[in-house]
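K.L.:
Here it is: the structure, laid out below.
The values are calculated or read from the model by the stated rules, or taken from the named source; none is laboratory data. A quick note: this is a predicted structure, and the numbers were derived from the prediction, not measured. Virtual Cβ from ideal backbone geometry, glycine too; neighbours counted across all protein chains shown. Please note that ligands, DNA and RNA were not included when accessible areas were found on the heavy atoms of the full protein model with its side chains. Shrake-Rupley method; radii C 1.70, N 1.55, O 1.52, S 1.80 Å.
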Amino acid sequence: MIEPQDEPCFTISVVARMVDLHPQTLRNYEDMGLVVPRRSNGNIRLYSPSEVERLRKISRLTQELGVNLAGVEVILHMAEQIETLQLEVETLREKLAAVIPDEPQAQSAS
């Protein structure tokens, strides 16, 4: 389910201005699978705020850091994997905390 704040709502021309990229560049990124905008009933590309942010990351990686598009793909995939693993670790910590109560403080030997 799409979060309400991440509803696809920006057309390609608006997004191109927002991220300072040519619309054809955005189409190329879509062809490569770097972004996947939704399509309206009229087959118009609609980008969500998270896709706009992803495009900003891609732009920063390519323009400021000189990463090629193959490298961008690897970096974005690894970043997604890290985020997924961090969520899994947090979930496991919560489950563990529910099962194992806090240890009482050690008694000092007198």
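K.L.:
If you rank Ser50, Ser40 by how much accessible surface each has, with a 1.4 Å probe, what is the order from largest down? Don't jump to the answer; show the numbers that get you there.
P.N.:
On the way: Ser50 60, Ser40 40 Å².
In descending accessible area the options line up as Ser50, Ser40.
K.L.:
Now for a different question. So for the chain, what percent of the C-alpha to C-alpha distances run longer than 15 Å?
P.N.:
That fraction is 72 percent.
K.L.:
Ok, one more. About the Cα centre, and with charges only on the beta carbon of Lys, Arg (+1) and Asp, Glu (-1), how big is the dipole of the chain? Nearest 20 debye, please.
P.N.:
Numbers: 11 positive and 17 negative charges, 113 e Å.
The dipole magnitude comes to about 540 debye.
K.L.:
Ordering Leu26, Leu87 by how much accessible area each has at a 1.4 Å probe, largest first, what is the list?
P.N.:
Numbers: Leu26 0, Leu87 110 Å².
Final ranking, largest accessible area leading: Leu87, Leu26.
K.L.:
In percent, what relative contact order does the chain have, based on Cα pairs under 8 Å that are 6 or more apart in sequence?
P.N.:
22
K.L.:
With the full set of protein chains in place, find how many percent of the accessible area of the chain is carbon and sulfur; take the probe as 1.4 Å.
P.N.:
On the way: 4560 of 8420 Å².
Answer for the chain: carbon and sulfur cover 54 percent of the accessible area.
K.L.:
For region 39-107, report the accessible area per residue in Å² (1.4 Å probe, heavy atoms, rounded to an integer).
P.N.:
Numbers: 5560 Å² over 69 residues.
Counting only protein heavy atoms, the per-residue value for region 39-107 is 81 Å².
K.L.:
So how much slack lies between Val36 and Asp20, counting 0.36 nm per residue of separation and subtracting their Cα-Cα distance, in nm? The partial results should precede the final answer.
P.N.:
Numbers: separation 16, 0.36 × 16 = 5.76 nm, distance 1.83 nm.
Result for the pair: 3.9 nm of gain on full extension.
K.L.:
Each residue of region 15-28 in order: what ³J(HN,Hα) in whole Hz does its phi give by Karplus 6.51 cos²θ - 1.76 cosθ + 1.60, θ = phi - 60°, with x for Gly and Pro?
P.N.:
Per-residue couplings from phi come out as 5, 4, 5, 5, 9, 6, 10, 6, x, 5, 5, 5, 5, 4 Hz.
K.L.:
So what are the ³J(HN,Hα) numbers for region 60-77, from phi and the Karplus equation (6.51, -1.76, 1.60; θ = phi - 60°), rounded to whole Hz, Gly and Pro as x?
P.N.:
5, 4, 7, 7, 8, 9, x, 7, 7, 5, 5, x, 4, 4, 5, 4, 5, 5
K.L.:
Right, something else. Around Val67, which amide H atoms from residues at least 5 apart in sequence, or from another chain, sit under 5 Å from its own amide H, with H modelled in the peptide plane?
P.N.:
For Val67, whose amide H was placed from the backbone, the distant partners under 5 Å are Thr62.
K.L.:
Contour minus end-to-end for Glu80 and Ile100, with contour as 0.36 nm per residue of separation and end-to-end as the Cα-Cα distance?
P.N.:
Working: separation 20, 0.36 × 20 = 7.20 nm, distance 3.01 nm.
Length gained between Glu80 and Ile100: 4.2 nm.
K.L.:
Run lengths n ≥ 4 of DSSP H only: what is the helix-derived mean residue ellipticity at 222 nm for the chain, with -39500 (n - 2.57) per run over all residues, to the nearest 500?
P.N.:
On the way: 4 runs with 60 residues, N = 110.
After summing the helix terms and dividing by the residues of the chain, the value is -18000 deg cm²/dmol.
K.L.:
What number comes out for the charge environment of Val36, summing +1 per Lys or Arg and -1 per Asp or Glu over other residues with Cβ under 9 Å away? Each step should come with its number before you reach the end.
P.N.:
Details: positive: Arg38; negative: Glu30, Glu51.
Counting the neighbours of Val36, the net charge comes to -1.
K.L.:
Taking the Cβ of Ile58 as the centre, find all other residues whose Cβ is under 14 Å away and add up their charges (Lys, Arg: +1; Asp, Glu: -1).
P.N.:
Working: positive: Arg27, Arg54, Arg56, Lys57, Arg60; negative: Asp20, Glu30, Asp31, Glu51, Glu53, Glu64, Glu73, Glu80.
Cβ neighbours under 14 Å give a net charge of -3.
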